[in-house]
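Each value in this text was obtained by applying a stated rule to the coordinates, not by laboratory testing. In this text the structure is predicted, and so the values were computed from the model without any measurement. With ideal geometry, Cβ positions are generated from the backbone for all residues, glycine too; neighbour counts draw on all protein chains shown.
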């Protein structure tokens with residue numbers, strides 16, 4: 001009975017892990033309220049037996065590396081609160097690791113897949129309603145925005161905090177749905193995977209690049225007998241990654257060549273500066289996109305404060321200064337880094353930046369250890385996709401990233417059976 005309660009709470013927590021409602025103090029949401037009884041239930045079931053591993057040391061280093069950034073922060077209270085949030089994410093990692101060790105790895109994978117599928121289906125229903133003329137004022141689901149080249153476009157966020165976060169959530173969820181396409185409910189999980197594919201397309205987010213990488217890795221074993229298709233898939237994903245990262249850097253406003261010209265008439269707030277370049281005989285007018293400028297602000301902040309940064313959770317002070325200097329528009333006067341590594345360097349300096357890289361390398365090491373199981377392999381594909389998305393998203397704040405890391409950590413740990421002997425949990429993940 002206790003195991004069924006843990007399974008139910010796990011599925012409930014993971015189903016709501018990306019939902020941004022209700023908005024509670026300190027950016028908490030419904031999933032965080034569910035996590036409390038989940039943690040209590042898992043510890044009551046399994047106890048707190050813990051063997052310290054390399055990845056645990058990397059998590060501890062990541063947290064401790066923020067302390068110098070708190071010491072130099074102009075708002076130490078806000079920085080300390082941010083560190084508490086990071087400690088909470090580490091608690092998710094620990095609880096999920098214990099659950100995976102105790103045989104709930106498949107439940108965790110299923111919960112992530114179900115959560116992504118549920119929001120995708122709800123989101124696609126909203127898209128169909130909007131495009132068929134049924135205008136529902138529901139900005140929580142998505143809204144029309146002006147985009148380069150596309151003009152007014154409906155973008156889906158499906159009750160998450162943003163379109164990019166929704167795309168990252170699906171990046172974390174899709175590999176598990178694909179892994180379960182070989183189970184006894186093939187049609188259900190394949191339909192869920194397809195729903196996520198359509199839903200992520202409607203986000204029109206740069207994080208689609210990470211989704212493409214995760215899906216390619218998930219499908220890689222199935223393409224072993226099709227080398228030409230493998231090569232075509234690699235080329236397609238590389239093209240997607242390059243194109244979307246270019247789109248996050250510049251947008252082409254007009255091209256003039258030999259008296260003929262192309263012009264993009266779209267107007268959008270993402271452009272923060274304008275430039276003109278001569279390439280051969282062509283005159284190209286382009287816009288500098290906000291993602292590129294924010295990265296510049298982050299890098300310059302790091303160079304100005306290279307050791308401990310400007311302070312944990314203090315990036316808004318840098319963007320306010322950039323706005324005052326005319327480098328950012330009013331829409332970006334207070335904005336997050338939207339790039340994990342350079343944002344971490346800006347806020348915590350080289351100390352925090354090295355700690356982040358060490359943590360990522362430790363997680364990659366976990367992938368190598370657990371990829372023999374289908375669930376472990378899916379977790380590795382999800383992690384790879386999210387790291388690609390980290391170029392244009394603050395992935396370390398995503399709870400589902402720490403769930404994936406905890407899942408891999410738990411698969412690494414042998415479960416102690418009633419006979420007292422260790423038993424690999426990867427078999428239970430199949």
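Miscellaneous remarks
- Between the helical axis of 30-46 and the longest alpha-carbon principal axis of the chain there is an angle of about 30 degrees.
- GNM result for the chain, Cα springs below 10 Å: residue of 342, 43, 215 fluctuating most strongly: 43
- Square roots of five times the Cα gyration tensor eigenvalues for the range 1-155, Å: 34, 25, 14
- Stretchable slack from residue 249 to residue 263, in nm (0.36 nm times residue separation minus alpha-carbon distance): 3.2 nm
- Take every Cα pair under 8 Å whose residues are at least 6 apart in sequence, average their separation, divide by the length of the chain, and the relative contact order is 22 percent.
- For the chain, the 222 nm mean residue ellipticity estimated from helices alone, with every DSSP H stretch of n ≥ 4 adding -39500 (n - 2.57) and the total spread over all residues, rounds to -19500 deg cm²/dmol.
- Residue 369 paired with residue 282, simple spin-label distance in nm, labels 7 Å along Cα-to-beta-carbon: 5.0 nm
- Largest GNM mean-square fluctuation across 360, 220, 52, computed for the chain with C-alpha springs under 10 Å, falls on 52.
- Likely footprinting exposure, 283, 51, 203, fewest C-beta neighbours within 10 Å first: 51, 283, 203
- Per residue, the average separation of C-alpha pairs within less than 8 Å and at least 6 apart gives the range 110-221 a relative contact order of 31 percent.
- With a Förster radius of 41 Å applied to the beta-carbon distance between residue 316 and residue 231, the computed FRET efficiency rounds to 0.35.
- Against the chain, whose longest principal axis comes from its Cα atoms, helix 54-64 is set at around 50 degrees.
- Degrees, to the nearest 10: 208-219 long Cα axis against longest axis of the chain: 40 degrees
- Compared with the direct C-alpha span, the chain from residue 150 to residue 256 gains 36.2 nm at full extension, assuming 0.36 nm per residue.
- Segment residue 274-residue 185, length gained on full extension (0.36 nm per residue, minus Cα span): 26.8 nm
- Centroid-to-centroid separation of the range 172-230 and the range 308-362 [C-alpha atoms, Å]: 32 Å
- The mean sequence distance of close C-alpha pairs (under 8 Å, at least 6 residues apart), as a share of the length of the range 1-53, puts its relative contact order at 39 percent.
- Put a dot 7 Å past the Cα of residue 5, heading toward its Cβ, do the same for residue 63, and the two dots end up 2.6 nm apart.
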